[in-house]
Amino acid sequence: MGETGRVSSTEAPEDEPLDPERQRLALADAGAAAWREWGPYVAERAWGSVREDYSADGDAWANFPFDHAVSRTYRWNEDGFTAWCDERQRLCVGLALWNGVDPVLKERPFGLSGPEGNHGEDVKEYWWYLDNTPTHSWMRTRYLYPTRPFPYDDLRATNAARTRDDPEYELVDTGVFEGDRYLEVMTDWAKAAPHDMCMRIRLRNAGPDPITVHVLPTVWFRNTWSWVADDGVSDRPEMHATPNGIAGRHGELGDFAVTSRLEGASDQPADLLFCENETNVGRLFGSGVFAGAPATPYPKDGINDHVVRGDRTVNPDRTGTKAAFRHVVDVGPGETREVRVRLTVGSAAGEMHGDLDHEFDAVLTARAAEADAFWAPLLDGLPDETAHVTRQALAGLLSSKVFYAYDVETWLAGDPREPAPPSRRRDGRNTGWRHLCAEDVILMPDAWEYPWFASWDLAFQCVALAHVDPQLAKSQLLLLLGDRFQHPGGQLPAYEWNLSDMNPPIHAWAAIQVYRIDGERDRTFLEHVLHKLLVNVTWWFNRVDAGGNNLFEGGFLGLDNIGPFDRSHPLPDGALLEQSDGTAWTAMHCLDLLTIAVTLGERDPAYDGLAAMFLDRFCSIAGAANDMGLWDDDDGFYYDLLRHPSGETERVAVRSAVGLIPLVAVGHLSEEALAVMPRLRERLDWLRERRPQLVSLAHFEEGNYQGLLAVCDPERLLRVLERMLDPAELLSDHGVRSLSAVHRERPVSVQLGGQSFTVDYEPAESRSAMYGGNSNWRGPVWVPINALLVAALRRYDTFCHGALRSRLPTGSERDVGLGAVADELSRRMVSLFLPGRTGERPSQPGLPWQQDVTFFEYFDGDTGKGLGASHQTGWTALVASLALGWPR
């Protein structure tokens, strides 16, 4: 396959020395050096989040809007631009800019809240994560900053006037970039040592006129002192001006020092500006009580007001908890200016180890070259553009690691020095998750639009991450299985808007992928996963199968508006939706746990009984899926089933990803495994004798399919593939659609409780307000579902010894093996991001900047245009796995 290479882990062959980045990674994994302690762990957005919402009505967007962010202290997390912090987010360093005309400093990306956007929340800025390495010893970003006034009001008003039938109004549509009137801001980070970081900011004037820009490298403490019972004075860290820059001390981090210089202007030292990271109570709340601390004359927006309006709102004593260097930089047309920053923490800070000259250059040059050396073996053999996409996808994934704090018990009860939260909150959102207490660096789906973890997003992210940092991938999967996250009843937390919502149970599948990508060595990891997921799978059996008939409901399951109903809420008239995807996900869960138990049982007989149990459960669920109404033999497809209180049933005949999920529940049970696991063999023999109708779905007879375990048997699979690989139905030029295009002309309507519910083909943004209207599963292409299908087809091809063949619409009339089908799906997905004949990437048509890749949340089912969140190098990073030929 021309666009794929090989799957590789971070380890070099035993006869080759590790490159410098892999050496650092090995030291970090061994706990010998803290190379991971500092990194890009500051989200691009903290406002509008559930954690910051202390309202009675749960309207997080209104409770903490964007306009508050400049003046109001965050309770749980910080946000910023190209900002770094330590792994507990005690100290942050980032960048602020001012073009001389905007009403506020550019300290964080601007975007619309969920209610403001005609398709939900939407960031309205352009930046790219260009490069990164697992220890963040090297990182590069690019941001485009308009030199005209930023069109805040235009973006809000125009999007508000548009309907759900209209496209989103983007920053480039406003005309603010016409004539190339913008600054290209390139930021490089490089570590000289684990606690010694160099930051280079290069500003290129892309336009025809000279401009003046204020560049403000900013350092601040996350406010942890305003929420404690005492006055917080003893816990308050401090920073102050020194002859060399800014220095300070934090009770846990120790001493630190920051230096900064504008290159070519050594006779123009930066202004040092100080304020407090505390809320401007008077501006936001008038005389009302909001924060318990006395109002400071130099609050969080003090630097902003001083720079933008000239107010006397910075501390003349040059001390505080937030500070900035202000460089006033003149940049001529086509010219590039450079600002250098260095942060040192601990003993290095005591020595003021802040060289900004030759050593600074040497560090950045070395780390950039070492990054190339790190990526080279992974990308070897890929075409140049495919390698570029793969590297940038994984770099974006590494850049999506964010410090995430959320103590639900404290959040519900309120803080000692704050007004008590409204009593209504105690019975509202997330009240069943009081045990959840997060204070961790976690992979986020998108550090602006989704700056909170989601359990099934995280599982997909870990599969992609395993190619470059398998230890972190394993620790991230185990994190959600820990006592601070997993519910005592077994459920995994979904996402902060509703921790109780149900995401598909794919943790076991992800663990197997990570285990294999890492070289199939860490059996202890698999043991931990299996032990915790035993509780989780029991929760699914007990809570998600209302009828006890092995057809599972599941509800939301991450597919938002894919069906005619809102699946998170009870249906009218007491009807029950027995879900094709819910049932298949549960079968897949059992099959993956069986795979883990068999893997462990090869050396430890204690897992033999568990393997037998999972075989039994899988066969029961697979039997129900095929014999109790989900399978439609006339259509050759799986559908959801409506079960009415009367006992009558009807299929919801929507051809969508819901009917494709049964394909991913496929595995294999070898004779070798049965030979060393007597209880598993005994259970299989019992099923053959007593439940032959169930074991018939597991193919243990002689022939091509021996040992195959699949919800969708080979005969049914080929019929489903007729739909899936038909361009008039589910197959697009860039992958499998989430809903068949036949529903463009043939919508499906269901009558229930006197109401009519309709679903039709919507290839782009959602026209439905369901789930906030910010994502759409009624036609677009989604990378994670395609990745699951690719992996499943490869398993079918392997386990069936190449005997299964299907027709691809590639101009050839020949049937091809399922491995070739998987290759073609991978090629189509990767092609979303590759330049076409005109130089445009299908995922970003019309965007003036095509040299680098924007990774969107999902893609137009007709054109491939990227939609939704625009920095979704969360699960969209799986395109890197596909480019690398995963899985083999």
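The values are calculated or read from the model by the stated rules, or taken from the named source; none is laboratory data. Model, not experiment: these values are computed from the prediction. Cβ sites come from the backbone with ideal geometry, for glycine too, and all protein chains shown count toward neighbours. Keep in mind that these areas ignore ligands, DNA and RNA; they rest on the heavy atoms of the full protein, side chains included. Shrake-Rupley method; radii C 1.70, N 1.55, O 1.52, S 1.80 Å.
Compute, for the chain, the length of the dipole vector about the Cα centre, with Cβ point charges of +1 (Lys, Arg) and -1 (Asp, Glu) only. Units Debye, rounded to 20.
Result for the chain is approximately 640 debye, rounded to the nearest 20.
I need the shape label for region 340-479. Rule: rounded when a/c is under 1.5, else prolate if a/b > b/c, else oblate, with a, b, c from the alpha carbon gyration tensor.
Oblate is the answer for region 340-479, as a/c is 1.5 or above yet b/c matches or exceeds a/b.
Excluding residues on the same chain fewer than 8 positions from K532, give the lysines whose Cα lies under 16 Å from its Cα.
K474
Given G286, P692, A83, which one lies farthest toward the positive end of the charge dipole of the chain, if we put +1 on the Cβ of every Lys and Arg and -1 on the Cβ of every Asp and Glu?
After comparing all options, I get G286.
Determine which lysines satisfy two conditions relative to K106: a Cα distance under 29 Å, and not lying fewer than 8 residues away in the same chain.
Partners found: K124, K191, K300, K322, K401, K865.
Can you give the Kirkwood hydrodynamic radius for region 740-888, in Å, rounded to one decimal and based on Cα pairs?
About 17.2 Å, per the Kirkwood formula over Cα pairs.
Filter the trypsin sites (Lys or Arg not before Pro) in region 297-382 to those in DSSP coil with at most 12 other Cβ atoms within 10 Å of their Cβ, and list the result.
Answer by residue number: R312.
Which percent of the accessible area of the chain is formed by carbon and sulfur heavy atoms (probe 1.4 angstrom)?
It is 48 percent, rounded to a whole number.
Distance between the C-alpha centers of region 245-263 and region 653-667? Whole Å please.
55
What cysteines in the chain have no other cysteine with a beta carbon less than 4.7 Å from their beta carbon?
Cysteines of the chain left without a disulfide-compatible partner: C198, C275, C437, C462, C590, C619, C712, C800.
If you roll a 1.4 Å probe over the heavy atoms of the protein chains, what accessible area per residue do you get for the chain, in Å²?
34
For the chain, find the longest principal axis of its Cα atoms and tell me its angle to the long axis of helix 678-690, 0 to 90°, nearest 10.
Around 50 degrees separate the two axes.
Where a ≥ b ≥ c are the square roots of the eigenvalues of the C-alpha gyration tensor, would you call region 160-239 rounded, which needs a/c under 1.5, or, failing that, prolate if a/b is larger than b/c, or oblate?
oblate
Quick check: the angle from helix 455-465's long axis to the longest principal axis of the chain, C-alpha only, nearest 10 degrees?
Computed tilt is about 80 degrees.
How far is helix 358-379 tilted off the main Cα axis of the chain, in degrees rounded to 10, range 0 to 90?
10
What is the Cα centroid distance between region 713-747 and region 755-805, reported in whole angstrom?
Here the answer is 9 Å between Cα centres.
With +1 assigned to the C-beta of every Lys and Arg and -1 to the C-beta of every Asp and Glu, and no other charges, what is the dipole magnitude of region 787-879 about the Cα centre in debye, to the nearest 20?
200
Could you tell me which of rounded, prolate or oblate describes region 241-332, using a ≥ b ≥ c as the square roots of the eigenvalues of the alpha-carbon gyration tensor, with rounded for a/c under 1.5 and, failing that, prolate when a/b is larger than b/c and oblate otherwise?
It comes out oblate by the Cα gyration axes.
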